[in-house]
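Participant: Submitted below is the structure of interest, expressed as structure tokens.
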Amino acid sequence: MDLVFRALADPTRRALLDELFARDGQTLVSLTARHDMTRIAVAKHLKILEDAGLIVSRRRGREKLHYLNPVPIRLVHDRWVSKYTEPWAAGLAGLKHELEDQMEKVFEIYIRTTPERLWEAITDPVIRTKYQFGASIESDWTEGSSYRLGHPAAETSLVEGENLVVERPNRLVQTMRALWGPDAERAGTSRVTWEIEPVGDSCRLTVVHDQLPPDAPAEVYGGWPMILSGLKTWLETGETLTTPGSLMYQQQQ
């Protein structure tokens, strides 16, 4: 939390986050072009933001792309803001961006647990209900197998897809087809990659949601910060985290 607040204290770094909110996946060159400072100075600010977990960088060919990671800000909200405001006020702002190519969203979070325990939490149907709005997942977790995400309040599957890569306990790649509503269904099939990397007594979990159409509605990918915050809370404390998504599905039961 200290790193997050120190990173947000600087107006230039807040402006860089605004740039990534407006258009995610930018290079250092494109970000520098919008600020009256050297490329080295912008790179230093980006390094501070990355150390705080507020952005995630990924290489694509020769380019290094920077993505906004809203998870730390979501954790700040869950720790303090939601205690004093109506739960629905915590709903995520729309993250729809108009990009020329398919959208790619990157989310990163550190969780004090082991890779094996984290993998179990992702693939176990009972544990999944603790942090994904009461929804459980079913699969035999072999490459090429199918999976479905369902909820007692839903008559049909919420999500269906195929397990493309299963490398326990480090990497899981899946197709994703959202089925909970007409707008979500129109987004078609996208891809979700779970990457688990041990770091000391913790794990760095990176979730990449890509192959999204440019006009994909925010409801298809906007719930990840709530899901990952709930996953972290459950693994570290054994408690469930109340989020707008979980409240919505509780009311439907």
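Participant: Straight-line reach from Lys130: which aspartates and glutamates fall under 17 Å, measuring Cα to Cα and dropping same-chain residues less than 8 apart?
Facilitator: Cα-Cα hits under 17 Å: Asp78, Glu120, Glu138, Glu236, Glu239.
Participant: Additional query: In the chain, once you exclude exposed GluC sites (Glu not before Pro) (DSSP loop, at most 16 other Cβ within 10 angstrom), what's the longest stretch remaining?
Facilitator: 1-97
Participant: For the cross-link pairs Lys47/Lys232; Lys64/Lys105; Lys44/Lys64; Lys47/Lys105, which exceed 21 Å when the distance is taken from alpha carbon to alpha carbon?
Facilitator: In this structure, Lys47/Lys232 lie more than 21 Å apart at Cα.
Participant: Return one number: the angle in degrees, 0 to 90 and rounded to the nearest 10, between the long axis of the Cα atoms of helix 11-22 and the longest principal axis of the Cα atoms of the chain.
Facilitator: With rounding to tens, the tilt is 50 degrees.
Participant: Using each residue's phi in segment 112-122, evaluate 6.51 cos²θ - 1.76 cosθ + 1.60 at θ = phi - 60° and report the 3J(HN,Hα) Karplus result to the nearest Hz, with x for Gly and Pro.
Facilitator: Coupling constants for segment 112-122: 7, 6, 9, x, 5, 5, 5, 4, 4, 5, 6 Hz.
Participant: With n ≥ 4 as the cut-off for DSSP H runs, can you work out [θ] at 222 nm for the chain, using -39500 (n - 2.57) per run divided by the number of residues, rounded to the nearest 500?
Facilitator: Result for the chain, helices only: -10500 deg cm²/dmol.
Participant: Next question, about the same structure. Using a 1.4 Å probe, what is the accessible area per residue for the chain, in Å²?
Facilitator: Per residue, the chain has an accessible area of 51 Å².
Participant: With N residues in the chain, what two-decimal value do you get for its Cα radius of gyration over 2.2 N^0.38 Å?
Facilitator: Scaled against compact globular proteins, the figure is 1.00.
The values are calculated or read from the model by the stated rules, or taken from the named source; none is laboratory data. Please read all numbers here as calculations on a predicted model, not as lab measurements. Glycine also receives a Cβ, built like all others from the backbone with ideal geometry; neighbour counts cover every protein chain displayed. Remember, those area values only see protein heavy atoms, side chains included, never the ligands or the DNA or RNA. Shrake-Rupley method; radii C 1.70, N 1.55, O 1.52, S 1.80 Å.
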